[in-house]
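Here is the structure we will look at, set down as structure tokens.
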Amino acid sequence: MDFIAGEVLYFNKPLHWTSFDVVNKLRYKLSRRLKVKKIKVGHAGTLDPLATGVMILCTGKATKRIDEFQYQTKEYVATLKLGATTPSFDLEKEVDATYPTEHISRSLVEQVLQSFVGEIQQVPPVFSACKIEGKRAYELAREGKDVELKSKTLVIDEIELLECQLPVIKIRVVCSKGTYIRALARDIGIALSSGAHLIALERTRIGNITLDKCMDPEQIDEFLIREIPEVENNEKIKV
């Protein structure tokens with residue numbers, strides 16, 4: 001493999017890691033193995049620290065392909081808890097309000113889920129990486145400032161109810177670039193005349209890249225030893 005000319009690698013992001021943690025780990029290990037000071041490494045699509053799953057990383061000149069991967073269809077498996085909301089729409093923040101769920105049935109959930117299939121308008125979460133006048137929305141939100149984000153047009157290709165053990169449901173979502181599953185959870189809760197927030201999220205596919213094709217970040221050393229012959233101290237890698 002030629003990591004300077006550019007390679008595309010697939011990782012399964014662990015829980016509590018940021019997307020940049022994965023990038024930084026690969027960049028550090030690569031530069032050490034290649035004995036270079038710098039090498040380009042980027043990722044094609046952020047995952048929240050509380051999410052796991054498929055991440056595509058590009059090295060060297062392959063970083064030019066990041067946009068190509070970002071625009072590919074993504075698939076998620078999301079677990080929602082109905083009847084309660086949080087400011088972040090997931091477990092990052094504490095529950096701020098509770099709502100009735102007695103009126104919710106499996107058939108109602110299935111009916112509501114199908115109403116989201118197709119082109120939809122979605123307002124991103126305030127705890128997101130969206131930029132407002134040069135600052136990330138989550139930075140402003142964590143400072144206690146009011147954040148107002150505009151809705152975006154997105155496409156939901158499929159939603160499937162995988163499990164229904166009320167007030168917890170598990171769904172599979174196939175969607176376009178820019179879809180916030182946390183915001184989808186919020187909107188599903190509203191559509192059910194209740195509330196909802198994410199309690200687990202896994203990205204299971206980007207394009208045709210599925211979890212079974214991904215490596216764990218802890219396997220990076222073993223992978224690089226296999227793919228990069230040992231470089232002598234006096235041998236210089238051209239960047």
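Values in this text are rule-based calculations from the coordinates and carry no lab data. Every value quoted in this text rests on a predicted model; they were computed, and no experiment measured them. Cβ placement follows ideal geometry from the backbone for every residue including glycine, while neighbour counts extend to all protein chains displayed.
Couple of notes before you dig in:
- Choice from 28, 180, 76 showing the highest fluctuation, given a GNM over the chain with Cα pairs closer than 10 Å: 28
- Computed FRET value (nearest 0.05) for residue 210 with residue 94, which takes r as the C-beta separation and R₀ as 41 Å: 0.75
- When the P(r) is computed for the chain, the part past 32 Å accounts for 28% of the Cα-Cα pairs.
- With each label modelled as a point 7 angstrom along the Cα→C-beta vector, the residue 79-residue 36 pair spans 4.1 nm.
- With a cut-off of 13 Å between beta carbons, the residues surrounding residue 91 carry a summed charge of -2, where Lys and Arg count +1 and Asp and Glu -1.
- Between 0 and 90°, nearest 10: helix 181-191 axis offset from the chain longest Cα axis: 10 degrees
- Among beta bridges from DSSP that stay inside the chain, the antiparallel ones total about 90%.
- Multiplying the residue separation of residue 24 and residue 71 by 0.36 nm and subtracting their alpha-carbon distance yields 14.6 nm.
- Relative contact order [Cα under 8 Å, 6+ residues apart], the chain, whole percent: 29 percent
- Residue with peak Gaussian network fluctuation, the chain [Cα springs, cutoff 10 Å], from 112, 54, 174: 112
- Loop-located trypsin sites (Lys or Arg not before Pro) across the range 47-129 with a Cβ neighbour count of 11 or fewer within 10 Å are lacking, with loop assigned by DSSP.
- Maximal additional length on extending the residue 218-residue 172 stretch stands at 13.8 nm, based on 0.36 nm per residue less the C-alpha distance.
- Helix 19-34 vs. the chain, principal-axis angle (Cα, 0 to 90°, nearest 10): 10 degrees
- GNM top mover of 177, 13, 29 - the chain, alpha-carbon springs below 10 Å: 29
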